[in-house]
Amino acid sequence: MHAQPQHMDTRVLHDAVKPDPETGATTPTIVQSTAFAYETAESLEAVFSGREPGYVYSRIANPTVTQFERRITALEAAQGALACASGMAAISATALALAGTGDEIIAGNSLFGGTHSLFSRTLSRYGIVTRFVQATDANAYRKAITDRTRLIFVESIGNPKLDVPDLAAIAGVAHEHGVVFAVDNTLATPVLLRPKTIGANLVIHSTSKFINGHGHAIGGIIVDCGTFDWSSPRYAHLHPLHKRIGNLAFLSYLRSQVVRDLGCCLSPFNAFLMMIGVDTLAIRMERHCANAGQVAQFLAGHPRVDRVRYPGRPDHPDQALAQRQFGGRYGAVLTLELADRTSCFRFINGLKRARNLANIGEVRTLVIHPASTFCREMSVEDRAAVGVSDNLVRLSIGIEHPDDIISDLEQSLAMI
Ligand SMILES: Cc1ncc(COP(=O)(O)O)c(C=O)c1O
């Protein structure tokens, strides 16, 4: 028998989870306090200066948020994590902690629209240039590396393109050049993949999706796998910290400089909701994936559906890689193509249970028309790169009974 649980179903419930030492409470205690009081000026000074451990102000750290960070750190077998107000906050803070004016990011070109906008519009205004490359072409990342590259960023399953980059190959390129490799693992979650095992240095989740799972809180997290040497010459701004505290330099800089200054902290109540979500993450993902596979098969055989994209389908270009990388599970998100935009709108309007909203990863089945919603600001070329056309619908398959999900889709397809 292993002393440590080996299975995610057990680990999500027990890793870094203990009853409250003071009260015995078995659910996470919500420490809803802005600041933390100390008896003497000397003791507060000691905590402020970092000589003593302790909490000061919840914009920097909070005990409930720490509990959530420890749970994700344990699931990712990482050295530490920092939770943020949203997935976008986590990505922004990561980019700003690594790159400054004149520096470059290399990103797969099939990113979530918000991340694409951050890299292509917002960061470029501050002189941080992003080179977008074909997400699934490991060589393209190699060709794009320059002396100014500070970050390689990909999604483990592109949203909504659903392409699957070869993370181990891209990690190899990043390591060859001493560049940080960050994986947005939102769609796969630690249940399908722990990116550390294939060479990622940082893992980012929008915890608003599957980790929360119930659509009741926005959040994000940055995980430092502990696999990058922060004394690397590309990150000179981290060297003084590295000299003092070794490989915790990045997390420390992120917390005590970037997140402190941006103020993009996670609230204790949202950390509580995230932890309740983590409890059932493994079993939900199992059901999400099983249901999505059945739905993809149903849709692929439907005469009104022109095309289905799901990494688990035999006709998906990255299916073999996805099978290897995610151990035979492919997530909850899939897309379908209908005749035209009018058919998509009719299909969405005809659904009785699936909810038409801008999210993925909730327990209920969700649907959206990307071109008219979260991709509407993109140019036609950028939309094509992220795999979004006017006749495309995205589904996030929930954990309802699969027959009920399929019957809802079927009745609506019959009406278009
Ligand atoms: C893959 C991915 N990363 C990041 C984000 C941004 O997360 P948030 O909405 O929590 O800011 C999203 C949101 O949809 C996403 O799908």
Formal net charge of residues neighbouring Val386 (Cβ-Cβ distance under 14 Å; K, R +1; D, E -1): -2
Compute a Gaussian network model of the chain, connecting alpha carbons closer than 10 Å, and tell me which residue from Pro195, Pro63, Pro53 fluctuates the most. Pro53
Positive minus negative residues near Ser43 (Lys, Arg vs Asp, Glu; Cβ under 13 Å): -3
Quick check on the chain: helices-only [θ] at 222 nm, where DSSP H runs of length 4 and up contribute -39,500 (n - 2.57) each and the sum goes over total residues. Nearest 500, please. -10000 deg cm²/dmol
Whose amide H sits under 5 Å from the amide H of Arg131, counting only residues 5 or more places off or on another chain, with H placed in the peptide plane? Ile105, Ile106, Ala107
What is the sum of charges, Lys and Arg at +1 and Asp and Glu at -1, for the other residues whose Cβ falls under 12 Å from the Cβ of Asp261? +3
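Does region 323-389 come out rounded, prolate or oblate, given a ≥ b ≥ c as the square roots of the eigenvalues of its C-alpha gyration tensor, rounded meaning a/c under 1.5 and, failing that, prolate meaning a/b above b/c? Could you put the intermediate results ahead of the total?
Numbers: a/c = 1.88, a/b = 1.15, b/c = 1.63.
Oblate.
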For region 279-287, what does the Karplus curve 6.51 cos²θ - 1.76 cosθ + 1.60, with θ = phi - 60°, yield as ³J(HN,Hα) per residue in whole Hz, taken in order and with x for Gly and Pro? 3, 10, 4, 5, 6, 5, 4, 4, 6
I'd like the Karplus ³J(HN,Hα) series for region 244-252: coefficients 6.51, -1.76, 1.60, θ = phi - 60°, whole numbers in Hz, and an x wherever there's a Gly or Pro. 7, 10, x, 6, 7, 4, 5, 4, 5
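Quick check on my link table: of Lys18/Lys243; Lys196/Lys352; Lys143/Lys209; Lys161/Lys196; Lys161/Lys243; Lys196/Lys243, which ones sit more than 30 Å apart, alpha carbon to alpha carbon?
On the way: Lys18/Lys243 34 Å; Lys196/Lys352 41 Å; Lys143/Lys209 33 Å; Lys161/Lys196 23 Å; Lys161/Lys243 42 Å; Lys196/Lys243 24 Å.
With Cα atoms farther than 30 Å apart: Lys18/Lys243; Lys196/Lys352; Lys143/Lys209; Lys161/Lys243.
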Each residue of region 297-307 in turn: what ³J(HN,Hα) in whole Hz from Karplus with 6.51, -1.76, 1.60 and θ = phi - 60°, glycine and Pro shown as x? 5, 4, 5, 4, x, 8, x, 8, 9, 6, 7
Could you give the size of the charge dipole of region 281-415 about its Cα centre, using +1 on the Cβ of each K and R and -1 on the Cβ of each D and E, expressed in debye and rounded to the nearest 20? 200
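Readers should treat all values here as calculations from the given coordinates under stated rules, not as data from a laboratory. Keep in mind that this is a model prediction, so the values were computed, not measured. Neighbour counts are summed over all protein chains in view; Cβ atoms, including those assigned to glycine, are modelled from backbone coordinates with ideal geometry.
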